[in-house]
Amino acid sequence: MRPPSGSVPTRPRRPGSGPVVLAAEVVTPPYRYRQEEITSAFAETCLADDRPARQVLEKISANAGVRTRHMALPLEEYRKLDGFTAANEVWRTTALDLGERALREALETAGILPEEVDVVVSTTVTGLAVPSLEARLVQRLGLRADVKRIPLFGLGCAAGAAGVARMHDYLRGFPDQVAVLLSVELCSLTVQRTDASTANLVALSLFGDGAAAVVAVGERRVEGLSTNDNMPCPEIVATRSRLYPDSEDVMGWRIGAHGFGIVLSPDVATVAEEQLPKDVHGFLDDHGLTPESLTTWICHPGGPKVIQAVERAFGLPPDALAHTRDSLAHRGNLSSASVLDVLRRTMAAPPPAGSWGLLTAMGPGFASELVLLRW
């Protein structure tokens, strides 16, 4: 099967000692707007009679590092949502459509048939569905009835990295199998129309909508694939999770009658700069590496301050997080899907074979997820 033009590489360079990522794809809703259009529409919908809050929103929006975002609905439709029930129904139908598209594209790029998939890890933190999304997609996609399902909820922005880590864990135990990860986040549907807090204004300025899918195979499955020395795929070498004590109020949701209310502390960048270096240094040291050993940094685009904090913490050159900044600029923060978009961009122009990379994201808990990659 020939992948679409411009897609990520479909074959690993050579079998390694761990699972290999074959493909990462991202899809978005058709409604794409400039940042200024979104800011104006949400200001009118949420802050029509609050001029001071509108001025704060405009300032935050202008400094968010975002140029365009995709929305689940046309902007004029958001004012018609009359509560959590209506918003969640839009989330369910839109999430299923986007999730199906993302998984189909990733499987096609990887050259894997739906019936070959053995396990599906799914994650979202912007809506609720029981049965969960991946269960509802089994028949639509043609997955096997005995496919294993691992739905994740509550990990927020860290869940894309956590999902890759859980695929690694599973494929180490079942090295001849195929795993897929699905992330669907429709952040715009969580907008709180009566909340003029700074946290909600940041959310209005930063988050976008989209879905991502990743396909990985175990070591023994890799051995059955043809190789492509010119376009290596990354091997997942190791993972690490870290939960920071006394940090539950840094990031999360207040879930109530109006749905998901954002909890977002201004200390996120500070926590990232103080905590992440210790974890990264310890993680890399266990593998005989240092930050200087890394060719590629695949970081979740939490926002400009978080990106700058990571750059300062590791003394990174200006272009080290270029894919992270580009993802934020063109899509906004897609929560768990964002780091997978950065992975997709990295795989489209991979580093030299043998290079080391780190995939990392932070989220509610407060917590971090680290994934060591080798091309």
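The values are calculated or read from the model by the stated rules, or taken from the named source; none is laboratory data. Bear in mind that the values here come from a model prediction, so they are computed numbers and not experimental data. In this analysis, Cβ positions are derived from the backbone assuming ideal geometry, glycine residues included, and neighbour counts consider all displayed protein chains. Heavy atoms of the whole protein, side chains included, go into the accessibility calculation; ligands, DNA and RNA do not. Shrake-Rupley method; radii C 1.70, N 1.55, O 1.52, S 1.80 Å.
If residue 319 satisfies every condition in (1) closer than 22 Å to residue 273 by Cβ; (2) open to solvent by 50 Å² or more (accessible area, probe 1.4 Å); (3) at pLDDT 95 or above but one, which is the exception?
(3)
Would you point out which residue out of 267, 249 is more than 30 Å from residue 20 (Cα to Cα), open to solvent by 20 Å² or more (accessible area, probe 1.4 Å), in contact with a strand residue (DSSP E or B) (Cβ under 7 Å, 6 or more places away or on another chain) and modelled with pLDDT under 95?
249
Here are some conditions: (1) assigned to a helix (DSSP H, G or I); (2) open to solvent by 50 Å² or more (accessible area, probe 1.4 Å). Residue 91 meets all but one. Which one does it not meet?
All conditions are met except number (2).
Please verify whether residue 165 is in a helix (DSSP H, G or I), more than 13 Å from residue 216 (Cα to Cα), modelled with pLDDT of 95 or more and of a type in the set (A, V, I, L, M, F, W, C), treating the condition exactly as stated.
no
I'd like the full set of residues that are part of a helix (DSSP H, G or I) and open to solvent by 70 Å² or more (accessible area, probe 1.4 Å), limited to the range 41-59.
44, 51, 52, 55, 58, 59
Quick one: in the range 180-218, of everything that is out of contact with any helix residue (DSSP H, G or I) (no Cβ under 6 Å at 6 or more places or on another chain) and assigned to a loop (DSSP other than H, G, I, E, B), which residue is most open to solvent (accessible area, probe 1.4 Å)?
Across the range 180-218, the extreme among qualifying residues is 194.
Please verify whether the range 45-61 includes one or more residues that are modelled with pLDDT of 95 or more, within 25 Å of residue 339 (Cβ to Cβ) and in contact with a Leu (Cβ under 7 Å, 6 or more places away or on another chain).
no
Rundown of residues vs (1) within 18 Å of residue 300 (Cα to Cα); (2) basic (Lys, Arg); (3) open to solvent by 10 Å² or more (accessible area, probe 1.4 Å); (4) touching a residue at least 40 places away in the same chain (Cβ under 8 Å), yes/no style:
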| position | (1), (2), (3), (4) |
| --- | --- |
| 132 | no, no, yes, no |
| 150 | no, no, yes, no |
| 165 | yes, no, no, yes |
| 178 | no, no, no, yes |
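Is it the case, given these coordinates, that residue 121 is in a strand (DSSP E or B) and within 12 Å of residue 214 (Cα to Cα)?
yes
Looking at the range 321-363, which of its residues are of a type in the set (Lys, Arg) and under 11 Å from the mean Cα position of the chain (by Cα)?
344
Scan the range 71-85 residue by residue and report those that are in a helix (DSSP H, G or I) and either open to solvent by less than 30 Å² (accessible area, probe 1.4 Å) or touching a Ser or Thr at 6+ places or on another chain (Cβ under 6 Å) (or both).
75, 78, 79, listed by residue number.
Which residues, taken from the range 88-119, are farther than 15 Å from residue 140 by Cα and in contact with a Gly (Cβ under 6 Å, 6 or more places away or on another chain)?
The answer is 88, 91.
For the range 351-359, state whether one or more residues are modelled with pLDDT under 95, out of contact with any Pro (no Cβ under 9 Å at 6 or more places or on another chain) and among the hydrophobic types (A, V, I, L, M, F, W, C).
No, every residue in the range 351-359 fails to be modelled with pLDDT under 95, out of contact with any Pro (no Cβ under 9 Å at 6 or more places or on another chain) and among the hydrophobic types (A, V, I, L, M, F, W, C).
Spot the failing condition for residue 113; the list is (1) under 21 Å from residue 204 (Cα atoms); (2) surrounded by fewer than 20 Cβ atoms within 10 Å (Cβ to Cβ), and only one is missed.
Single failed check for residue 113: (1).
Would you tally the residues in the range 94-110 being under 17 Å from residue 152 (Cβ atoms) and either open to solvent by 60 Å² or more (accessible area, probe 1.4 Å) or modelled with pLDDT under 95 (or both)?
Count: 0.
Would you tally the residues in the range 322-339 being open to solvent by less than 10 Å² (accessible area, probe 1.4 Å), on the phi < 0 side of the Ramachandran plot and either in a helix (DSSP H, G or I) or at pLDDT below 95 (or both)?
So the count comes out to 8.
Among the residues of the range 349-374, which ones are crowded, with 24+ Cβ neighbours inside 10 Å and either free of Cβ contacts under 8 Å to residues at least 40 places away in the same chain or in a loop (DSSP other than H, G, I, E, B) (or both)?
Hit for the range 349-374 is 366, nothing else.
Of the residues that make up the range 284-302, is at least one buried (at least 17 other Cβ atoms within 10 Å of the Cβ) and of a type in the set (D, E, K, R)?
So far as the range 284-302 goes, no, none of its residues is buried (at least 17 other Cβ atoms within 10 Å of the Cβ) and of a type in the set (D, E, K, R).
Starting from the range 19-33, take each residue that is free of Cβ contacts under 8 Å to residues at least 60 places away in the same chain and on the phi < 0 side of the Ramachandran plot and list its partners that are part of a strand (DSSP E or B) and not acidic (Asp, Glu), counting only C-beta distances under 7 angstrom and pairs at least six apart or across chains.
Matching pairs, first to second residue: 31/70; 31/71; 32/68; 32/70; 33/68; 33/69; 33/71.
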